[in-house]
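S.K.: Sharing a structure with you now.
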Amino acid sequence: MGTGRDIMVTVLCIVYNHESYLRECLEGIVTQVTNFKFQVIIHDDCSTDNSADIIREYASKYPDLIIPIFEEENVYAHVGAFDLFLRSYIKGKYFAYCEGDDYWCDKNKLQLQYDFLERFPDYTYCSTNFDIYNQEDKSKINHHIKTDYRDMLGFTFHDINVNNYFKCWSCSPLTSMCRNINYYTLKDVRKFSRFYDLVACYFYIKKGKGALLENNTAVYRVHNKGIYSGNTTLNNYKIEIDILQTLYIFFHDQPILKDGILPRMIAMVGYCRKNKRYKTLFIEIIRFCVKLPMSSFVLFKILFLNYIKNIRLR
């Protein structure tokens with residue numbers, strides 16, 4: 001692992017009741033091939049299964065690589081504190097994430113992203129494409145984002161900025177590597193009901209450029225115990241919209257409204273119409289719109305008319 005000064009990348013592995021998938025996750029991390037030193041911080045958030053025992057096993061096997069952290073109570077519920085707590089352990093010039101139920105499938109993932117950020121110092125983070133694996137039916141989908149990639153200095157990538165962020169949707173921490181700089185404070189993240197992926201990555205691109213590398217390096221696992229994938233469709237819409245609304249009020253960037261919030265509101269309209277959840281839909285639209293600044297009244301009009309249109313089509 002080396003001393004703090006020669007560690008180039010810190011990997012943050014977040015674990016909670018991931019016993020069934022954790023070994024695959026950790027193998028994908030410890031088998032990374034790099035020409036630099038990296039460390040792995042494995043944080044077990046008071047799991048009630050055998051995740052902690054698996055972490056101890058790997059920490060014993062790789063003592064110079066892995067630093068385990070075990071909680072006596074669940075800290076994820078403390079908004080903002082969780083992310084910033086882990087950030088305090090970062091020794092590397094860059095950091096990367098991998099939750100315990102996902103895994104990396106490319107042994108050169110860290111090297112690829114390290115080389116990119118070293119070559120392009122004006123970029124604050126880079127991510128890659130990935131597969132989506134459904135644990136229930138064992139199916140796998142290639143989540144390859146189709147966009148305008150360009151070749152430069154041996155890399156094939158797409159630029160991510162405030163204006164195209166929500167169109168490209170490259171915010172998976174599973175595939176991200178970021179520069180170790182201060183992107184936000186505890187005061188910032190406490191404004192959000194949950195500091196979700198799309199918010200964290202948005203803070204990254206507010207500090208500099210982002211890039212989506214064309215390579216496929218990881219697998220996102222969908223299962224019924226996942227924090228997001230185990231939730232209901234309607235609840236996920238509500239959570240995402242609430243987070244994006246807070247993000248819009250925080251930054252006042254129009255693309256958040258146009259490309260982030262509006263498509264989700266329209267999708268929620270379609271979902272509620274299909275499942276005859278009209279009362280729920282009306283309540284959510286009103287709850288959403290009354291929190292927006294008056295300058296966003298046009299959006300309220302668009303959404304409300306969309307709602308009325310769907311009611312008439314019943």
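S.K.: Just give me the residues in region 90-113 being among the charged types (D, E, K, R), part of a loop (DSSP other than H, G, I, E, B) and within 15 Å of LEU174 (Cβ to Cβ), in sequence order.
M.R.: Scanning region 90-113 gives ASP101, ASP102, ASP106.
S.K.: Restricting to region 22-78, name every residue that is under 21 Å from the mean Cα position of the chain (by Cα), assigned to a loop (DSSP other than H, G, I, E, B) and of a type in the set (A, V, I, L, M, F, W, C).
M.R.: Answer for region 22-78, where residues must be under 21 Å from the mean Cα position of the chain (by Cα), assigned to a loop (DSSP other than H, G, I, E, B) and of a type in the set (A, V, I, L, M, F, W, C): VAL75, ALA77.
S.K.: Give me the strands (runs of 3 or more DSSP E) completely within region 121-227, filtered to those with at least 1 residues that are in contact with a Phe, Trp or Tyr (Cβ under 6 Å, 6 or more places away or on another chain) and modelled with pLDDT of 90 or more, ordered by residue number. Talk me through it step by step, then tell me what you get.
M.R.: Details: elements: 123-134, 139-143, 150-152, 155-160, 177-179, 209-222.
In region 121-227, 123-134, 139-143, 155-160, 177-179, 209-222 are the strands (runs of 3 or more DSSP E) which contain 1 or more residues that are in contact with a Phe, Trp or Tyr (Cβ under 6 Å, 6 or more places away or on another chain) and modelled with pLDDT of 90 or more.
S.K.: Scan region 25-53 and report the pairs whose first residue is of a type in the set (D, E, K, R) and whose second residue is assigned to a helix (DSSP H, G or I) and surrounded by 21 or more Cβ atoms within 10 Å (Cβ to Cβ), with Cβ atoms within less than 8 Å and a gap of 6+ or a chain change.
M.R.: Within 8 Å, the pairs are ASP44/SER51; ASP44/ILE55.
S.K.: Which members of region 247-270 meet the condition of being crowded, with 16+ Cβ neighbours inside 10 Å and closer than 19 Å to ASN235 by Cβ?
M.R.: Correct list: LEU247, GLY260, ILE261, ARG264, MET265, MET268, VAL269.
S.K.: Are any of the residues in region 111-120 in contact with a helix residue (DSSP H, G or I) (Cβ under 9 Å, 6 or more places away or on another chain), modelled with pLDDT of 95 or more and in the same structural domain as ILE42 (by TED's automatic domain parsing)?
M.R.: Yes, there is a match, as at least one residue in region 111-120 is in contact with a helix residue (DSSP H, G or I) (Cβ under 9 Å, 6 or more places away or on another chain), modelled with pLDDT of 95 or more and in the same structural domain as ILE42 (by TED's automatic domain parsing).
S.K.: Can you name every residue in region 133-165 that is among the polar types (S, T, N, Q), closer than 27 Å to TYR204 by Cα and under 19 Å from the mean Cα position of the chain (by Cα)? Outline the logic, then answer.
M.R.: We begin by selecting, within region 133-165, every residue among the polar types (S, T, N, Q); these are 134-135, 139, 142, 147, 156, 161, 163-164.
Within this subset, residues satisfying the condition of being closer than 27 Å to TYR204 by Cα are 142, 147, 156, 161, 163-164.
Within region 133-165, ASN142, ASN161, ASN163, ASN164 meet the criteria.
The values are calculated or read from the model by the stated rules, or taken from the named source; none is laboratory data. Small disclaimer: the values here were computed from a predicted structure and weren't measured. Using ideal geometry, Cβ is built from the backbone for each residue, glycine included, and neighbour counts are taken over all protein chains shown.
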